Amino acid sequence: MSGQAAAASQTGGPGAGQAATAGAPDAAAAAAAAAAAAAAPVTYALTLPDGSTLDATDIDAITAIAKEQKWTNEAAQAALTQMSTDLAAQSARFRTELEADTEIGGANLERAQLDATRALDRFLPATTEEGKQLRVAMNKSGYGNYRPLVKLLARIGKAMGEDQPGAGGGGAGGGARRSHADVLFGS
């Protein structure tokens, strides 16, 4: 009897009372791997949970992991569902914290969102590829409601708004707006 089998026999652990041969643990591992490989599908049929912020890229990521780990379709679907649930919970937690903030939450939230959008639109407009990617990532992850990020963007947007001249005038002097040539060379 091998040392492992003898120890198991004495402690009543796995393999107690079994005569083990030197290759038995390797054979058991190989059998388990073969069974797992047989259970893993060639293709996975995964669907996003209703209301999920995830997309096809997330299905592809879970599918790649599932293939590598030889998961069943059910295990892969469970991982995708858990990922969606976790992100939804994170987003809800971020939103609650955002709404409770004294500077940008509550009655100030709508103004803060407008200011944050102004900053985003100035530096990464939604019409650019990077702007689209950022907005998708913020919505998917819940970071669009992340209090420190919203606070930063709202402060930037507010500062940008404060730099604008008042309506109806050409700046401090008021009156009609002068052309660039007039300003540079005089009339």
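Net length available on complete extension from Ala56 to Arg93 is 10.8 nm, with 0.36 nm assigned per residue and the Cα-Cα distance removed.
Using the Karplus relation 6.51 cos²θ - 1.76 cosθ + 1.60 with θ = phi - 60°, the per-residue 3J(HN,Hα) values for region 157-162 come to x, 5, 4, 5, x, 6 Hz, with x marking Gly and Pro. Can you work out the PRE-style zone for Ala137? Point 7 Å along Cα to Cβ, and I want the residues of region 42-72 with backbone N under 20 Å. From region 42-72, the list is 53-62.
In sequence order, region 53-64 has phi-based couplings of 8, 6, 9, 4, 5, 6, 4, 4, 5, 5, 4, 4 Hz under the Karplus curve 6.51 cos²θ - 1.76 cosθ + 1.60, θ = phi - 60°, and Gly or Pro positions carry x. Across region 72-89, rounded Karplus estimates of 3J(HN,Hα) from the backbone phi angles (6.51 cos²θ - 1.76 cosθ + 1.60, θ = phi - 60°) give 6, 4, 5, 5, 5, 5, 4, 5, 5, 5, 5, 4, 5, 4, 5, 5, 5, 5 Hz, Gly and Pro being marked x.
Let a ≥ b ≥ c be the square roots of the eigenvalues of the Cα gyration tensor of region 38-91; is it rounded (a/c under 1.5), or, if not, prolate (a/b larger than b/c) or oblate? Prolate is the answer for region 38-91, as a/c is 1.5 or above and a/b outweighs b/c. Between Asp121 and Arg177, the simple label model (points 7 Å from Cα in the Cβ direction) yields a spacing of 1.7 nm. Within the shell defined by Cβ-Cβ distances under 14 Å, the residues around Met83 carry a net charge of -3, with Lys and Arg each +1 and Asp and Glu each -1.
Each value in this text was obtained by applying a stated rule to the coordinates, not by laboratory testing. Bear in mind the structure is a predicted one, so any value in this text is a computation, not a measurement. Every residue, glycine as well, gets a Cβ built from its backbone with ideal geometry; the counts of neighbours run over all protein chains shown.
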